[in-house]
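K.L.:
Would you mind keeping the following structure in view while I ask a few things?
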Amino acid sequence: MYVMGPERADVGNYWTTVPHWPAHNLTSFYLHPDYTVQTIPSDVIGANTSYIYDPADPVRTHGGNELFGLCGPRDQSSSEERDDVITFTSPPFTTSTAIVGNLSAVIYVGSDAIVRILIFFLFFFSFFDL
């Protein structure tokens, strides 16, 4: 398992093995209209967030699994400042927190044009036209 964390090697960014999968507590997180992530659902019904996407000006990736350049975790703040990127932020964790296992998300999408969503899975991908 790969442990990500701050750039300090003593708290993250290394490979490790474990004899048993770590114990876990299922925790749900909810996106709120004020661009926060909370562990409680929003009481606002029908809230939405929108942006305008320009395919001629794509958002560049920084780090990650790159063939050329620096891979691994990198500062994404330059991308997050763009008008066509939406960022939801949680309060800082107050204790060391491991997020492991299968992650899932339920996201409702609408558009005034044809939307193509590319969903990547571990070994395959699928296209969904809405």
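K.L.:
Among (1) at pLDDT 80 or above; (2) more than 29 Å from G5 (Cβ to Cβ); (3) acidic (D, E), which single condition is D112 missing?
P.N.:
Here D112 meets the rest and fails (1).
K.L.:
May I pose another question? Which one of G12, G64 is at pLDDT below 80, of a type in the set (G, A, S) and in contact with a Cys (Cβ under 8 Å, 6 or more places away or on another chain)?
P.N.:
Among G12, G64, only G64 is at pLDDT below 80, of a type in the set (G, A, S) and in contact with a Cys (Cβ under 8 Å, 6 or more places away or on another chain).
The values are calculated or read from the model by the stated rules, or taken from the named source; none is laboratory data. Keep in mind that this is a model prediction, so the values were computed, not measured. Here Cβ is always computed from backbone atoms with ideal geometry, including for glycine, and neighbour counts include all displayed protein chains.
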